[in-house]
1. Here is a list of conditions, (1) basic (Lys, Arg); (2) over 30 Å from ALA140 (Cα atoms); (3) buried (at least 16 other Cβ atoms within 10 Å of the Cβ), and ARG40 meets all of them except one; can you say which number that is?
2. If I filter the stretch 75-98 for residues that are surrounded by fewer than 24 Cβ atoms within 10 Å (Cβ to Cβ), without any contact (Cβ under 8 Å) to a residue 60 or more places away in the chain and part of a helix (DSSP H, G or I), do I get at least one hit?
3. Residue under question is ARG134, and the condition is that it be among the basic types (Lys, Arg), in contact (Cβ under 8 Å) with a residue 24 or more places away in the chain and touching a Gly at 6+ places or on another chain (Cβ under 9 Å); does it hold?
4. Let me confirm something: among ALA117, ALA140, ALA173, which residue is among the hydrophobic types (A, V, I, L, M, F, W, C) and either on the phi > 0 side of the Ramachandran plot or touching a residue at least 40 places away in the same chain (Cβ under 8 Å) (or both)?
5. Identify all residues within the stretch 23-75 that are touching a Cys at 6+ places or on another chain (Cβ under 7 Å) and polar (S, T, N, Q); write none if there are none.
6. Find the residue count for the stretch 137-185, including only residues that are touching a Gly at 6+ places or on another chain (Cβ under 8 Å) and in a strand (DSSP E or B).
7. For residues that are touching a His at 6+ places or on another chain (Cβ under 7 Å) and assigned to a loop (DSSP other than H, G, I, E, B), scanning just the stretch 2-38, find the one that is farthest from LEU55 (Cα to Cα).
8. Which numbered condition in (1) surrounded by fewer than 23 Cβ atoms within 10 Å (Cβ to Cβ); (2) at pLDDT 95 or above; (3) not hydroxyl-bearing (Ser, Thr, Tyr) is the only one that PHE159 fails?
Amino acid sequence: MSRLSIVIPWWDEHPALEDTLVSVLQHRPRHSEILVAHNRPYHDPWQLTGEVIFLPCGADSELDLIHGGIDASRAPLVHVLRCGMEATEGWTDAPVSRLESDTNLAGIAPLIVGRGATPRIAAGLDPNWRGGRRRLVRAAGPDGSVDRQPIGPTLAAGFYRRESLVRAGRFSAEFGVSWADLDLALTFRSMGLASAVEPASRVLGDAGPDESRGFSDGRRGARFVGKHERRCGTGVWITHVLAVIAGYARRPTWTVPFDMAGRCIGFAESVRGTRHRGASAEPEPEPVVVRPFTDGRPTAGRRAA
């Protein structure tokens, strides 16, 4: 029986799929399954049938692909690894061991080591989100030491207890790929579950910018604060405004008007949504439909739905 399901979402024919897949197969842990969820035909040029499950999904976003992989997974633990990330020797050992031994842990963040002469190391999501900002915790040195624990793993690479993922409603499509990981981390915390960083687990790749910026992220940031205001109190809006103003002083000037416009629209949407939101819990998300493509061409390695 598999202990770990490794889910790789292949969204819109991302060119780095093979790099990610080869690294995972090269360092594949025992008792694991590998699922590549994709929204375009993939014809398996390397003849990996039997080693990899290629899962065609009726998906409208990369998050839909991730959900399709989670729904099809059979192991109690799930590792999400986006295209562009590359696995290293033994990268799953410590996270799997910790998740199996501590039932209060819902997520583990590996270290994401950037490429280059002086690589930067990301160690998960910064717990200081009150300004409606999604930021990364950076390791202080090559040993992976951090001055504060992350609130959860990034979407680029993370280990999860499958049961906890399902209970939390998986990743929220409301905030897109740029904010869904932070939303999930806060949902875990509201459920009394913890996340941690694991320095012994390392993947290579780009974890993304230290801080999100621009119209779309400003809009999502304000909506994000509006959602989690229910758990943190209305005072979070005051903290939000002060943190945003302070953050503008550190940003390129040209990004500020776009961010402000996005936050104003996001705030209006959040207020409107609060007025219409009932006290009941959000409904369980619909499972992603796993189905063959309609062009009549078979997808190599496809497991029957």
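1. With respect to (1) basic (Lys, Arg); (2) over 30 Å from ALA140 (Cα atoms); (3) buried (at least 16 other Cβ atoms within 10 Å of the Cβ), ARG40 is out only on (3).
2. Within the stretch 75-98 (the criterion being surrounded by fewer than 24 Cβ atoms within 10 Å (Cβ to Cβ), without any contact (Cβ under 8 Å) to a residue 60 or more places away in the chain and part of a helix (DSSP H, G or I)), the answer is yes, since at least one residue qualifies.
3. Numbers: among the basic types (Lys, Arg): yes; in contact (Cβ under 8 Å) with a residue 24 or more places away in the chain: yes; touching a Gly at 6+ places or on another chain (Cβ under 9 Å): yes.
Answer is yes for this residue.
4. Values: ALA117 fails: either on the phi > 0 side of the Ramachandran plot or touching a residue at least 40 places away in the same chain (Cβ under 8 Å) (or both); ALA140 fails: either on the phi > 0 side of the Ramachandran plot or touching a residue at least 40 places away in the same chain (Cβ under 8 Å) (or both).
So the residue among ALA117, ALA140, ALA173 that is among the hydrophobic types (A, V, I, L, M, F, W, C) and either on the phi > 0 side of the Ramachandran plot or touching a residue at least 40 places away in the same chain (Cβ under 8 Å) (or both) is ALA173.
5. Matches in the stretch 23-75: ASN39 only.
6. Qualifying residue count, the stretch 137-185: 8.
7. ARG3
8. Unmet for PHE159, out of (1) surrounded by fewer than 23 Cβ atoms within 10 Å (Cβ to Cβ); (2) at pLDDT 95 or above; (3) not hydroxyl-bearing (Ser, Thr, Tyr): (1).
The values are calculated or read from the model by the stated rules, or taken from the named source; none is laboratory data. Bear in mind that the values here come from a model prediction, so they are computed numbers and not experimental data. Positions of Cβ are backbone-derived with ideal geometry, glycine not excepted, and every protein chain shown enters the neighbour counts.
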